[in-house]
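Engineer: Quick one: the structure is below, and I'll ask about it shortly.
The values are calculated or read from the model by the stated rules, or taken from the named source; none is laboratory data. Since the model is a prediction, treat every value here as computed from it, not as a measurement. Cβ sites come from the backbone with ideal geometry, for glycine too, and all protein chains shown count toward neighbours.
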Amino acid sequence: MDVWIPRPLKTARAPSDAPSPWLSGRATRWIVLEDWLVCIDGVQYCVPAGYIFNGSSIPWWLWWLFPPSYAPAWEASCLHDWFYSHFHHRVSKVFADAAFRAVMLFHGAKPWVADAFHAAVSRFGRGGWQADAA
């Protein structure tokens, strides 16, 4: 996949009362401060300002190696969460997971790390596709 990101993602901690029913658990939540654009294979995707995500959903016992704010996965996690929670009617899970890996590589992740993250989201990631199938 060919990835181009014209400007960095801008975030802040989300207010504790901000609704985000697509997220579960106690992870810190982040809010996108301004529309954020990602171009993948010539198609532009926009994560809108106000969207709330939680970074990488990494088991706590691996945080010493890959904290939820792991830099090469930060923007990839935002886009991936957006695809899973709000854009699953327009992209496939296979595409969302591949885009996650591609954005990590764009941000300098080592290929084996991007492959490991991709394997985890491919196998364990859940999104709107499951609700659509039910």
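Engineer: How many residues are under 16 Å from P8 (Cα atoms), within 12 Å of the chain's Cα centre (by Cα) and not hydrophobic (A, V, I, L, M, F, W, C) when one looks only at the range 71-113?
Structural biologist: 4
Engineer: Next question. Can you tell me how many residues in the range 66-80 are more than 18 Å from G50 (Cα to Cα) and either of a type in the set (A, V, I, L, M) or at pLDDT 95 or above (or both)?
Structural biologist: Of the residues in the range 66-80, the ones more than 18 Å from G50 (Cα to Cα) are 66-73.
Then drop every residue that is not either of a type in the set (A, V, I, L, M) or at pLDDT 95 or above (or both), which leaves 71, 73.
Matching residues across the range 66-80 total 2.
Engineer: Now a separate question. Please name all residue pairs, on different chains or six or more residues apart, with Cβ atoms under 8 Å, provided the first residue is in the range 47-63 and is closer than 18 Å to L37 by Cα and among the charged types (D, E, K, R) and the second residue is in a helix (DSSP H, G or I) and at pLDDT below 95.
Structural biologist: none
Engineer: Looking only at the range 81-107, count how many residues are in a loop (DSSP other than H, G, I, E, B) and at pLDDT below 95.
Structural biologist: Qualifying residue count, the range 81-107: 6.
Engineer: Also, quick follow-up: Out of the residues in the range 41-67 meeting the condition of being assigned to a strand (DSSP E or B) and under 14 Å from the mean Cα position of the chain (by Cα), tell me which one is surrounded by the most Cβ atoms within 10 Å (Cβ to Cβ).
Structural biologist: Filtering the range 41-67 for residues assigned to a strand (DSSP E or B) gives 43-47, 52-53.
Subsequent filtering for residues that are under 14 Å from the mean Cα position of the chain (by Cα) retains 45-47, 52-53.
On the way: Y45: 16, C46: 12, V47: 22, I52: 20, F53: 26.
Among those that are assigned to a strand (DSSP E or B) and under 14 Å from the mean Cα position of the chain (by Cα), it is F53.
Engineer: Can you pull out the residues in the range 1-22 that are surrounded by 10 or more Cβ atoms within 10 Å (Cβ to Cβ) and either outside any loop (DSSP other than H, G, I, E, B) or of a type in the set (S, T, N, Q) (or both)?
Structural biologist: V3, W4, T11, R13, S20
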